[in-house]
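The values are calculated or read from the model by the stated rules, or taken from the named source; none is laboratory data. None of the values given here were measured: they were computed from a predicted structure. We place every Cβ from the backbone using ideal geometry, glycine too, and count neighbours over all the protein chains shown.
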Amino acid sequence: MSRAALLVLADGRFPAGGHAHSGGAEPAVAAGHIKDAATLETFCRGRLHTAGLVAAGLAAAAAAGHDPLALDEAADARTPVPALRSTARKLGRQMMRAARATWPSAALDALAAARPRGAHQPVVLGLAARSAGLTPLDAAYAVAYENISGPATAVVRLLSLDPFDATAVLARLTDDLEQVAEQATEAAHRAVTEGLGALPAASAPLLDIAAEAHAAWPVRLFAS
């Protein structure tokens, strides 16, 4: 299948439910950590090299053919707070619906049956990429990009940030994105001989703390 499928998978209009989530940007805006394009760039770079790297590694491993159920357990181990585990599974359910409608496969059907409440979204996305004929590196790129494009889009709404400035932030992060995607893919390949412990396990404690606090807000614009 054509690698043009990557454009579909990474398109913000792909109905995977990401538009309802800010990737931690909403609590960061409320705390004053994000207040303009410069601070958005700092936030996105930090997220990309921590949560983004972990997610990209899981997606690359799923696209490479690793056992998705074992990867889902590895994702749980790398997601210490309940709020983020819940979010990852909600997004995984929506991604599964979109992926099965777009690139039907026995592998996606089997994972959906084994995880009726949803597998972690990066695992589902990686399996979707494999079903679409894409490579582990393609899957890593899609997840890494999603990890920064979501917060950038959310901040446009939260701060009325100029969309041109938000897009410029994403453009300035392309070198970082490439580095993260390649690092994640290399780890996924090493996991063949070294086991899933070779996958990235970077932590982002402030994102974890903010996610738990945000989940308790009585009023919020985004689900996470």
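Observations on the model:
- Residue pairs whose Cβ atoms lie under 7 Å apart, separated by 6 or more positions or on different chains, with the first residue in segment 67-83 and without any contact (Cβ under 8 Å) to a residue 24 or more places away in the chain and the second loosely packed, with under 14 Cβ neighbours inside 10 Å and among the basic types (Lys, Arg), do not occur.
- Meets criteria (assigned to a helix (DSSP H, G or I), touching a residue at least 40 places away in the same chain (Cβ under 8 Å) and within 15 Å of Val143 (Cα to Cα)) for Leu40: no
- Selected residue (criterion: nearest to the chain's Cα centre (by Cα)) from residues of segment 128-162 that are more than 23 Å from Thr50 (Cβ to Cβ) and part of a helix (DSSP H, G or I): Ala128
- Flag for Leu84 being part of a helix (DSSP H, G or I) and either under 17 Å from Pro200 (Cβ atoms) or under 12 Å from the mean Cα position of the chain (by Cα) (or both): yes
- Subset of segment 15-37 [within 14 Å of the chain's Cα centre (by Cα), hydrophobic (A, V, I, L, M, F, W, C) and not in a helix (DSSP H, G or I)]: Ala16
- Test for Val219: is it over 18 Å from the mean Cα position of the chain (by Cα) and either free of Cβ contacts under 8 Å to residues at least 40 places away in the same chain or under 23 Å from Ser149 (Cβ atoms) (or both): yes
- Tally, over segment 186-214, of residues that are part of a helix (DSSP H, G or I), within 23 Å of Leu84 (Cβ to Cβ) and out of contact with any Phe, Trp or Tyr (no Cβ under 9 Å at 6 or more places or on another chain): 15
- Qualifying residue in segment 102-113 (condition: modelled with pLDDT of 95 or more, β-branched (Val, Ile, Thr), under 24 Å from Thr193 (Cβ atoms) and part of a helix (DSSP H, G or I)): no
- Taken over segment 58-81, the criterion of being assigned to a helix (DSSP H, G or I) and surrounded by fewer than 21 Cβ atoms within 10 Å (Cβ to Cβ) is satisfied by Leu69, Ala70, Glu73, Asp76, Ala77.
- Among (1) closer than 21 Å to Pro82 by Cα; (2) surrounded by fewer than 18 Cβ atoms within 10 Å (Cβ to Cβ), the one test that Pro122 misses: (2)
- Tabulated pairs, segment 127-144, first free of Cβ contacts under 8 Å to residues at least 24 places away in the same chain, second of a type in the set (A, V, I, L, M), C-beta under 9 angstrom, 6+ apart or interchain: none
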